[in-house]
Structure formats: structure tokens, C-alpha cells
Amino acid sequence: MKDFDYRIVEEAAKQTYIRALCDLPPDVRIALKKAYDRETKPTARAVFEAIFRTIEIADRDKTLICQDTGLPIYKVKIGSMFPWNGARIKKCLYEGAKRATLEFPFRSSSTHPLTRVNPQTSVGVGLPVIYFDFEEDSDSLDILMAPKGSGSENMSKMQMFYPAHGVKALKKFVLDTVIETGANPCPPGIIGVGIGGTADLVMKLAKDAIMRPVGQRHPDPEIARMEEELEEAINATGRGPMGLGGDVSTLAVHIEMAYTHITQNPVAVNTQCWPARRARAVISPDGGVQYGY
Amino acid sequence: MAEYHLKSPFSEEDIRKLKAGDIVYFDGLLFGIRDLTQIYMFDQNHEPPVSLAGAACIHTAPSLRKVGDKWEKICVGTTTSTRMERFTPELISRYGVRAIIGKGGLYQGSLDAMKKYGAVYLAIVGGSAALETQQIEEVEAVYWEHLHPEALYQFRVKNFGPLTVAMDSHGRNLYEEVKAEALKRLPEIYEKLGV
Ligand code: SF4
């Protein structure tokens, strides 16, 4: 353990933040292209064309897609055969996010909730948001990073329904929430939905859902069907790109599920904007780093 | 849907011909404003040091860098407009601003002022900061520097857009129309979803 060079983790934390902000994942690009192909409204098509030009410029100039560089979120999966020190990894993620902000440099959006003082580092008490998970039969450290801007995050909503409300209530809640959010989360993006769990877990599930590659269906066929149904329903509203009207109001609905209490029926929505930004680094025990999405 | 290529500052005639759903690109002056800029103007009674007559104002907190005396752009994006509703009618009536650029739209008070004085709300594609930044040719001036990144910015832009006329000077609000249409379709959508 003492031989592993943790500067590699810090560098990966920095690089994934920057990569996520500048380089949109291929699945998101494909989903946007497909959406454009089926969009019939001229004003909505103009929105897509501006989106494509934005992506092109960001690729060419290695620059930020959107000015809201958000709050950093890291989902870390530690392989059972990876030699690790959790406290060191946590520190590296903090330092990496901070260095990305100061060295790129880009705007820091983190702030004290009462004094509203911004430390100019994108981190602070409780930030970055970090989730640790573990994987059997793996020797790697897998870091998935997503910066979350406020336009979409501000539209998050959760509700504890009762079992008597049934699945119906969950579907209606998702649809009503999306209609309410309108143009604010820069649609068309991903609608992340959590069902089940506890009050905190259900929102975490919704966040997991937006971090999944666009259009990847849930392995449970019943949940996958619900994703399709909700997608169709949301698109049928005609709210369109940027809420200005059109055929495409969302790229995809993703649902994540956990078991819940016999007397509970929780649901949460976490929206993601069209720049559904994320980046990944997979680190091997010899210090090799593979970047991806 | 018509497409217009305009020059700012705008005349009343330029603006009156725009209809909700049209697409606009423009060259010329663009002012950057935000919450704090307008709190400073309207709540703390500071007169802008530059004329805003006929101007286009965008809701932004830009990332800039100061090199010597000159400001250079790093990343300029657009923020949600609804927070700025309180100031907008006066921005239009008192200073003659003719175009507000932002995302998410404004409310009835602004729409009424737009109708009365001849102004529009132009929706930009949110999240497209890379494109916006490229279309800004120069940061010509930053007024009230102590308020940065929510000061008053004077940009020169080229082919700035596409912008959708989302609220026009004839009382139409595209956001409201699209929302009303969605609510009209809702019973049918609920039925199909089985809720
Ligand atoms: S909602 Fe997303 S795309 Fe829109 S401004 Fe915020 S971070 Fe950028």
C-alpha cells in the first residue's frame, strides 16, 4: 500500500473534472444527433444546431461547454484487489477538484450556505460530493466524475408516497415535475428518477440515473418499460428544446431502483441538462490511468 | 418563422417587426448585467455611466481576466432570467433597453413593458457558453468594476445567436404558449400513461 503513488489519484480527480467540462461523452452526442434527426420544429432545430456548434468549439479549443462548472461529484468504485487507503483517496479527490478549478482556471461555484462566501475552489465543507462503492474481482480504482450545474440541480424534487398510491403516483409525479421545470434545466437532457429506498437513498438513485450513459436501459424489463413510457409521455408534452416548443423534450429517462420499506413508496427526480457532462478514470495498481466516460 | 440579422443598438422599428418564434442574429453592442448590477442600479440608485438606449442586455456573470488595463474574455455564458423580473420593466421604461437576452423567460410585468415601449425577450440556447464566448469579439468596457462578476459589461459581438424571440412586443409569450399547449395535452398523456 505504501508504494502506491497517490498523486496519480489527485491528478485523475483534476483531469476528470476538466475533461467532463470540455468533452461531452459520445453517447450524449449520439443522443443529441438522433434527437435532432427526429425534431420537426424549425426553432427547435435551430437550438440543436447551436448545441452542435458549441460542442464543436469546445472540442476544437479545449474549452468549457457551459460556464456553470457546477459542484463536483465523484463516484468511486474500489476493486477488491486494488491496494487502497480510503482517507488518502478522499483527500486526493478534494485536492484534485480544487486544482482543476485553480489551474484550468474556471469559475468556482461552491459557497457557504449562510455567509455565501465562495472559497474560489469548487470545494468546501462536505464538497466534493463523494460516493464510495466496492467491486468484487477487480483490481482497479474506477472514478466517475460529474459536475452538476444549478439550472438542472435546482429542479430536483422528491416525495414520499404511500404504498396505496401505487406506481401511478410515481409516474404522475415524474411527468408533473418535468412539466413544472420548463426551460430551467436546459432541456433536452436526461431525467433521472429514483424509486424506492429511503428519503436520502431515493435522491442518490436519481443522481445515479443521470450518470448512466444516455439511453442505456435498466436491466429489469419492467423498469425499462417504465423508462420508455415516461420518455414518450414527456416528449408528448411538446415543451421542446429550451422549453420553446418542439418534439424532443428529453433525451432519455433513466430509472434506478432500490428496495424500500413496506409502508413507503418514495420517488425522486434529478434532472440533467443537455450537456450531460461526465468523465471517468480507471486506475490500475501499477499506476496506469485510462481515461474515458 | 422568419430569420433576422440586425445591428444593435436597435430602433423601435427593428424590434416591432419581430414576432414570437422568429430567429435573430445581431452585430454590435451587447451589455452584460445580472442580479447585483440591477440591485446597484435600482435599489441603490446608481445611474449607469453609459447609455442603454436601444441596447441589448444579456443576463450573465462572465469569467474575464484583466491584463493591464484591458479585460479579456475567458468564458461568457447566460444565466436564468426569472430572478431578474423585478428590475426588467424599469430597465425597459426608464433606460430604453430594447432586447433582454437570457434563458427561461420573464413574467407578465416585463411582457407588458415590452408591449408598451417596444422591446423583446430573446432566448439563448442555455449551456452554450463556448459558442457565446466565441461570438464576443471584444470586452470594450467594464463599468462598476467592484461589482465584478456582476458588474455592467460592454461587449462587441458578431453574428450573435441564434436567439429565439420568446416574448415579443405584441404581447406574445412563447413559454406560456408552449406550457398552455402541454397542459392541454396532459389529460390524454395521463390516460396513455394510466395515471
Ligand atoms: S442547466 Fe446545465 S447547461 Fe444549463 S446553464 Fe446550468 S449547467 Fe449549463
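The values are calculated or read from the model by the stated rules, or taken from the named source; none is laboratory data. None of these values were measured; they are calculated from a predicted model. Glycine also receives a Cβ, built like all others from the backbone with ideal geometry; neighbour counts cover every protein chain displayed. With ligands, DNA and RNA removed, areas are computed over all heavy atoms of the protein, side chains included. Shrake-Rupley method; radii C 1.70, N 1.55, O 1.52, S 1.80 Å.
For B:LEU163, are the conditions met, namely being within 10 Å of chain A (Cβ to nearest Cβ), touching a strand residue (DSSP E or B) at 6+ places or on another chain (Cβ under 9 Å) and open to solvent by less than 10 Å² (accessible area, probe 1.4 Å)?
In short, yes.
Any residue in region B:73-98 that is in contact (Cβ under 8 Å) with a residue 12 or more places away in the chain sitting within a Cβ distance under 6 Å of a residue that is more than 16 Å from the ligand (Cβ to nearest atom) and among the β-branched types (Val, Ile, Thr)? List the pairs, counting only those 6 or more apart or interchain.
The qualifying pairs are B:LYS73/B:ILE136; B:LYS73/B:VAL139; B:VAL76/B:ILE136; B:LEU91/B:VAL97; B:ARG98/B:ILE15.
Quick check, is A:VAL178 within 14 Å of chain B (Cβ to nearest Cβ) and either part of a loop (DSSP other than H, G, I, E, B) or more than 16 Å from the ligand (Cβ to nearest atom) (or both)?
The answer is no for A:VAL178.
Just checking, which of A:ALA100, A:ALA58 is within 12 Å of chain B (Cβ to nearest Cβ), over 26 Å from A:ASP200 (Cα atoms) and surrounded by 13 or more Cβ atoms within 10 Å (Cβ to Cβ)?
A:ALA58
With respect to A:GLY96, determine if the residue is within 16 Å of the ligand (Cβ to nearest atom) and closer than 23 Å to A:TYR293 by Cα.
Judged against the criteria, A:GLY96 is not a match.
Being within 11 Å of chain A (Cβ to nearest Cβ), β-branched (Val, Ile, Thr) and open to solvent by less than 40 Å² (accessible area, probe 1.4 Å) narrows it down to one of B:VAL178, B:VAL142, B:VAL195, so name that one.
Residue meeting the stated conditions: B:VAL178.
Restricting the search to region B:120-134, which residues are crowded, with 24+ Cβ neighbours inside 10 Å and facing chain A (nearest Cβ under 7 Å)?
B:ALA123, B:VAL125, B:GLY126, B:GLY127, B:SER128, B:ALA129, B:ALA130, B:LEU131
Taking A:LEU71, is it outside the structural domain of A:ARG217 (by TED's automatic domain parsing), open to solvent by less than 70 Å² (accessible area, probe 1.4 Å) and within 14 Å of the ligand (Cβ to nearest atom)?
Spelling it out, A:LEU71 is indeed outside the structural domain of A:ARG217 (by TED's automatic domain parsing), open to solvent by less than 70 Å² (accessible area, probe 1.4 Å) and within 14 Å of the ligand (Cβ to nearest atom).
Check every one of the helices (runs of 4 or more DSSP H) wholly within region A:1-106 and list those with 1 or more residues that are of a type in the set (S, T, N, Q) and within 18 Å of B:GLY126 (Cα to Cα).
Per the criteria, A:42-61.
Any idea how many residues of region A:154-175 are within 13 Å of the ligand (Cβ to nearest atom) and crowded, with 18+ Cβ neighbours inside 10 Å?
Going through region A:154-175 one residue at a time, the tally reaches 2.
Is it fair to say B:GLY77 is closer than 15 Å to B:GLU140 by Cα, within 14 Å of chain A (Cβ to nearest Cβ), crowded, with 24+ Cβ neighbours inside 10 Å and under 12 Å from the mean Cα position of the chain (by Cα)?
No.
What pairs can you find where one residue is in region B:1-25 and under 19 Å from B:ALA53 (Cα atoms), the other is assigned to a helix (DSSP H, G or I), and their Cβ atoms are less than 6 Å apart, with a gap of 6+ or different chains?
Final answer for the pair search is B:LEU6/B:ASP14.
Residue under question is B:GLU188, and the condition is that it be facing chain A (nearest Cβ under 10 Å) and surrounded by 24 or more Cβ atoms within 10 Å (Cβ to Cβ); does it hold?
no
All but one of (1) away from the ligand (no atom under 15 Å from the Cβ); (2) surrounded by 17 or more Cβ atoms within 10 Å (Cβ to Cβ); (3) under 27 Å from A:ARG29 (Cβ atoms); (4) not β-branched (Val, Ile, Thr) hold for A:TYR131; state the number of the condition that does not hold.
That leaves (2) as the condition not met.
Which number in (1) small (Gly, Ala, Ser); (2) within 13 Å of another protein chain (Cβ to nearest Cβ); (3) open to solvent by less than 10 Å² (accessible area, probe 1.4 Å) marks the one condition that A:ALA46 misses?
(3)
Would it be correct to say that A:GLU232 is open to solvent by 60 Å² or more (accessible area, probe 1.4 Å), over 19 Å from A:GLY151 (Cβ atoms) and touching a Leu at 6+ places or on another chain (Cβ under 9 Å)?
Against the criterion (open to solvent by 60 Å² or more (accessible area, probe 1.4 Å), over 19 Å from A:GLY151 (Cβ atoms) and touching a Leu at 6+ places or on another chain (Cβ under 9 Å)), A:GLU232 qualifies.
Please state which one of A:TYR36, A:TYR17 is surrounded by 15 or more Cβ atoms within 10 Å (Cβ to Cβ), more than 12 Å from every other protein chain (Cβ to nearest Cβ) and more than 21 Å from the chain's Cα centre (by Cα).
A:TYR36
Given the conditions (1) more than 15 Å from the chain's Cα centre (by Cα); (2) under 14 Å from B:THR60 (Cα atoms), report the number of the one that B:GLU140 does not fulfil.
(2)
Among the residues of region A:200-246, how many are away from chain B (no Cβ under 11 Å) and either of a type in the set (S, T, N, Q) or in contact with a Pro (Cβ under 6 Å, 6 or more places away or on another chain) (or both)?
Of the residues in that region, 2 qualify.
Tell me yes or no: at least one residue of region B:4-17 is within 14 Å of chain A (Cβ to nearest Cβ), open to solvent by less than 50 Å² (accessible area, probe 1.4 Å) and small (Gly, Ala, Ser).
no
For A:TRP274, all conditions in the list (1) assigned to a helix (DSSP H, G or I); (2) within 13 Å of chain B (Cβ to nearest Cβ); (3) within 16 Å of the ligand (Cβ to nearest atom) hold save one; what is the number of the exception?
(1)
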